[in-house]
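Undergrad: One structure, as structure tokens, below. Some questions next.
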Amino acid sequence: MRPISRRNALLIGGLGATATVAGGAGLWWSLASGPPQGAGPGQGAGPGQPAGPASSSDFRSPAEVRSADGRLEVTLAAAPGKVELGGLQAGALCYNGTVPGPTLRLRPGDELNVSLINNLGEPTNLHVHGLHVSPQGNADNPFVAVLPGQGFDYRYRLPADHPPGVYWYHPHHHGMVAGQIFAGLFGAIIVEDPESIPVSTERVLLVSDTTLDSSGNIATVSLMERMAGREGDLLLLNGQSNPVLSARPGDRERWRVVNTCVARFLRLRLDGQRMQLLGMDSGRSPDPEPVDELLLAPGNRADLLVTAAAGETLLQAIPYDRGGMPGMMGRRRTPAGGAVALATFRADGESAAAAAAVASRPAPEDLRTAAVAARRQLVLAMGAGPGGRGGGMGAMMQFSINGREYDEVRTDTTVALGTVEEWTLVNTSPMDHPFHLHVWPMQLIDDNGRAPASVVVRDVVNIRANGRATVRIAFRDFSGRSVYHCHILDHEDLGMMGVIEVR
Ligand code: C2O
Ligand code: CU
Ligand code: CU
């Protein structure tokens, strides 16, 4: 294992005098200036608002940085900042002053160096979600803690055959993950295709949700909401409410969609337009697959082609029932019933020439025929925790995997490097849990009794309420310790996470 370098340099004034941070997961701070215009109750896409806030602004892409000559060096400074979220002035947490942070564009074989600077009032760190890179040392090591005022140099080396696709980065300091992402700390990572696909435009669409309090700061959430998995009142696309995406009829665009929401599932529709799925999470299917609807669990990504038909269409998030704990946790804050408009897609003007066909890709490796070295069962459970025996309203739920809450010192699963394993993921609770494994992608073998017809590779696999799924994982390369967890990040912060060591 390479030594971990810690730096104390590059700190410019920490949080400053105008901000205070309360500890724990109740991430909150107040800025000296007064409440922003229009941040009061009733504004934004809160409960009771009609679906689809008026589209007001043109779509904005996050800033981009791109690797050159096999490397990308970037500084990400995490700090509180004032930004516009859904048209409102918000006190958020930002990478480099923006929400989302910059998009990192890489190629297979590249080296990525990220200099993370922590100007928050609490610990943080960085995770490159979905990248197939080493979990050790200064690479994608979830056990690193970067304290306030400190920095850390991450160094990731992508294998030469790294799958192309859409990935993302976010903090991963246990106990604070949900709060920091909810407050604005996330950004996209794109691994480019070996040969590019002809499109008129490529867009990065980071979907997030958050809630602002009456002062425009990110709202605190209750323990009840954390147990349910917090869902924000504002549903945002690159920090905007229902922006307008403009195209010409016939244009073929590529959309890189990331569900960065802490707990909200996105069931997306773009009725009247032609959507084709190039891939989900990592890699590409051999040919683009036509889709009408897409379900992205928290953490999932979609790589989409959209061919424009003349007219105006809403990109909508329609309701999805992920279960709950009636009587114990109350209802979730999801706006009751209706769909929410994420964006307005407008195609007008002169028609574009039809785009060239997309070349087929070789089929990915199929682990269904692989020799399996070990079979395991992981049980994701919610139950009355210590002191919660009565199950009353104040009871603390325990979020566990195989009966144990997360302990970073304990190794729960030890895997032999070079082998393929089969894991059965069992959910004994009345809520969905999207299961995520770092570093090593999972091939879905069975989803609640249904076997996919083709090779389906994911790094977040949703385990339905009281359901189960079976996956196979090739631990061919990268030894070291890492984690798996529920990607309802409140559940992860509350203990639904385990440690894996590959050696
Ligand atoms: Cu995106 Cu361990 O998570
Ligand atoms: Cu991850
Ligand atoms: Cu969960």
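Undergrad: Under the rule of at least 5 residues apart or a separate chain, name every residue whose amide H is placed under 5 Å from the amide H of V415.
TA: Answer set, sorted by chain and number: E501, V502, R503.
Undergrad: Which percent of the accessible heavy-atom area of segment 201-347 goes to carbon and sulfur, probe 1.4 angstrom?
TA: That share works out to 50 percent.
Undergrad: HN-Hα J couplings of segment 212-223 from phi, Karplus 6.51/-1.76/1.60, θ = phi - 60°, integer Hz, Gly and Pro as x?
TA: So the J values, rounded to whole Hz, are 9, 8, 5, 8, x, 8, 5, 5, 6, 10, 7, 4.
Undergrad: Rounding to the nearest 20 debye, state how big the charge dipole of segment 348-503 is about its Cα centre with +1 on each Lys and Arg Cβ and -1 on each Asp and Glu Cβ.
TA: Taking the Cα centre of segment 348-503 as origin, the dipole is about 620 debye.
Undergrad: Mind listing the long-range amide H neighbours of A219? Cut-off is under 5 Å, sequence gap 5 or more, other chains count too, H placed in the peptide plane at 1.01 Å from N.
TA: Under 5 Å from the amide H of A219 lie the amide H atoms of T211, L212, D213, each far enough along the sequence or on another chain.
Undergrad: Whole-Hz ³J(HN,Hα) for each residue in segment 454-460, computed from phi via Karplus 6.51 cos²θ - 1.76 cosθ + 1.60 with θ = phi - 60°, x for glycine and proline: what do you get?
TA: 10, 6, 10, 10, 9, 10, 10
Undergrad: What value does segment 201-347 have for Rg/Rh, both radii from Cα atoms and Rh as Kirkwood defines it?
TA: Rounded to two decimals, Rg/Rh equals 1.00.
Undergrad: From the phi of every residue in segment 348-357, what ³J(HN,Hα) in whole Hz does the Karplus formula 6.51 cos²θ - 1.76 cosθ + 1.60 yield, where θ is phi - 60° and glycine or proline is x?
TA: The phi angles translate into 8, x, 5, 6, 8, 5, 4, 6, 5, 4 Hz.
Undergrad: In addition: Please give me, ordered by residue number, the GluC sites (Glu not before Pro) of segment 153-220 that lie in loop per DSSP and have at most 11 other Cβ atoms within 10 Å.
TA: E195
Undergrad: V204's amide H: which non-local residues (gap 5+, or another chain) put their own amide H closer than 5 Å, with H modeled 1.01 Å from N in plane and none for Pro or chain starts?
TA: R256
Undergrad: Whenever you get a sec, compute what percent of the accessible area on segment 367-502 sits on carbon and sulfur atoms (1.4 Å probe).
TA: 47 percent
Undergrad: In Å², and per residue, what accessible area does segment 211-357 have when probed at 1.4 Å with the other protein chains present?
TA: Accessible surface, normalised per residue, equals 33 Å².
Undergrad: Once the Cβ-Cβ distance between D477 and T424 is put in as r, and R0 is 22 Å, what FRET efficiency do you end up with, to the nearest 0.05?
TA: Step by step, r from the Cβ atoms, then E = 0.35.
The values are calculated or read from the model by the stated rules, or taken from the named source; none is laboratory data. Given the structure is predicted, the values throughout are model-derived calculations rather than measurements. As a convention, Cβ positions derive from the backbone with ideal geometry for all residues, glycine included, and neighbour counts pool all protein chains shown. Just the protein is used for accessible areas: all its heavy atoms, side chains included, with ligands, DNA and RNA removed. Shrake-Rupley method; radii C 1.70, N 1.55, O 1.52, S 1.80 Å.
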